[in-house]
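Engineer: Mind looking over this structure? Questions follow.
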Amino acid sequence: MNRGKKIVFLSHCILNANAKVEGLAAYPGAAGELITYLMDQGVGMLQLPCPEVDVLGVQRWGHVKNQLSHPFFIECCEKMLAPVVRQVEMYRNGGYQLIGVVGIDGSPCCGVKKTCASEKWAGDFLDPELTWKKVADLAWVKKPGIFMETFQKMLAGKHADLDFFSLDESDPTASVPRLIAALSQRIHRP
Ligand code: SF4
């Protein structure tokens, strides 16, 4: 059978929810409705690395973008993404249709249109009152997470820009149909 020559790049946890921060997974394994749609369309799926699992492990607390926006973490993201950027260039030069990247809105790393932020999210949880003040300071900001921001910069540096889409981890039920509609337009663009 001939290759479909269509490829999408997916945030790691779309195919493996076990990478999510404990308690945040919206499905037990993979985002079935989205994956089934992509399979039906003959789209190949390339799984991005999970920067949080790689650097912080599976027993991590939830983070905010402010915490992860430091030089060593960004350098780790660049190292993880370097082979992906090479593949983007290789497939594009080979005439493949690169549908784009699907990130996770709300994530401090993989958000595309929305990430979580707080300047006060630091320290320990020993004082409950202080902890609740820190929780109250958590906010969504309309910016990409640090991993996707790094990815976009690396792609721009190679003149290899891709379209970025997202699944909203705070509302997967509503966001998956919206995401599929947006991907459909991109997949069937003449
Ligand atoms: S959103 Fe990104 S960092 Fe968070 S679990 Fe998924 S792949 Fe890992």
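Engineer: Taking only Cα atoms and a 10 Å spring cutoff, compute GNM fluctuations for the chain and point out the largest among 71, 177, 51.
Structural biologist: 71
Engineer: Enumerate the calculated ³J(HN,Hα) couplings along the range 179-189 in order (Karplus 6.51 cos²θ - 1.76 cosθ + 1.60, θ = phi - 60°), each rounded to whole Hz, writing x wherever the residue is Gly or Pro.
Structural biologist: After applying 6.51 cos²θ - 1.76 cosθ + 1.60, I find 5, 4, 5, 5, 5, 4, 4, 6, 5, 9, 5 Hz.
Engineer: May I pose another question? Explain nothing, just the number: relative contact order of the chain, from Cα pairs under 8 Å at least 6 residues apart, as a whole percent.
Structural biologist: Result for the chain is 23 percent.
Engineer: Something else: Explain nothing, just compute: Karplus ³J(HN,Hα) = 6.51 cos²θ - 1.76 cosθ + 1.60, θ = phi - 60°, for every residue of the range 91-103 in order, whole Hz, x for Gly and Pro.
Structural biologist: With the stated coefficients, the range 91-103 comes to 5, 5, 5, x, x, 7, 8, 8, 5, x, 10, 10, x Hz.
Engineer: What is the spin-label model distance, in nm, from residue 132 to residue 59 if the labels are put 7 Å beyond Cα along the C-beta direction?
Structural biologist: According to this spin-label approximation, the distance is 2.9 nm.
Engineer: Same structure again: What residue among 130, 167, 98 shows peak mean-square fluctuation when the chain is described by a Gaussian network model with Cα springs under 10 Å?
Structural biologist: Between 130, 167, 98, it is 130 that shows the largest mean-square fluctuation.
Engineer: Take the chain, connect every pair of alpha-carbon atoms lying under 10 Å apart with a spring to form a Gaussian network, then pick out the residue of 153, 20, 143 with the largest mean-square fluctuation.
Structural biologist: The residue that fluctuates most here is 153.
Engineer: For residue 10, what residues show an amide H to amide H distance below 5 Å, using hydrogens built from the backbone and excluding near sequence neighbours?
Structural biologist: Under 5 Å from the amide H of residue 10: 46, 47, 48, 102.
Engineer: If the cut-off is a Cα-Cα distance under 20 Å, which aspartates and glutamates reach residue 5, setting aside same-chain residues fewer than 8 apart in sequence?
Structural biologist: The reachable aspartates and glutamates, counting only those whose Cα sits under 20 Å from residue 5, are 40, 89, 161, 163.
Engineer: Run through the DSSP bridge list for the range 6-187 and note the antiparallel percent, rounded to the nearest 5. The partial results should precede the final answer.
Structural biologist: Details: 3 of 17 bridges.
Just about 20 percent of them are antiparallel.
Engineer: Just to be sure I follow the rule: in the range 133-190, considering lysines 8 or more places apart or on different chains, how many pairs have Cα atoms under 30 Å apart?
Structural biologist: Numbers: 133/142; 133/143; 134/142; 134/143; 142/153; 142/158; 143/153; 143/158.
Lysine pairs, 8 or more places apart or on different chains, close enough: 8.
Engineer: What list do you get for 131, 115, 173, 150 if you sort them by fewest beta carbons within 10 Å? Display every interim value, and only then the final one.
Structural biologist: Values: 131 13, 115 29, 173 9, 150 22.
If I rank by nearby Cβ atoms, fewest first, I get 173, 131, 150, 115.
Engineer: If you don't mind, there's one more thing I want to ask. From the phi of every residue in the range 28-38, what ³J(HN,Hα) in whole Hz does the Karplus formula 6.51 cos²θ - 1.76 cosθ + 1.60 yield, where θ is phi - 60° and glycine or proline is x?
Structural biologist: x, x, 10, 6, x, 4, 5, 5, 4, 4, 5
Engineer: State, to one decimal in nm, how far the label point of residue 156 lies from the label point of residue 186, with both points 7 Å from Cα in the Cβ direction.
Structural biologist: Going by the 7 Å Cα→Cβ label model, 1.8 nm.
Engineer: Let me ask something else about it. Whole number please: convex hull volume per residue of the Cα set in the chain, in Å³?
Structural biologist: Values: hull volume 24.2 nm³, N = 190.
It is 127 Å³ per residue.
Engineer: First measure r as the distance between the Cβ atoms of residue 139 and residue 2, then evaluate 1/(1 + (r/R0)^6) with R0 = 45 Å and state the FRET efficiency to the nearest 0.05. Display every interim value, and only then the final one.
Structural biologist: Values: r = 48 Å, r/R0 = 1.07.
Using R0 = 45 Å, I get an efficiency of 0.40.
Engineer: Taking 0.36 nm per intervening residue step and subtracting the Cα-Cα distance, what contour gain separates residue 79 from residue 47 on full extension?
Structural biologist: Working: separation 32, 0.36 × 32 = 11.52 nm, distance 1.55 nm.
My answer for the length gained is 10.0 nm.
Quick note: the coordinates plus some simple rules give every number you see, no bench work behind them. None of these values were measured; they are calculated from a predicted model. Cβ: placed from backbone, ideal geometry, glycine included. Neighbour counts: every protein chain shown.
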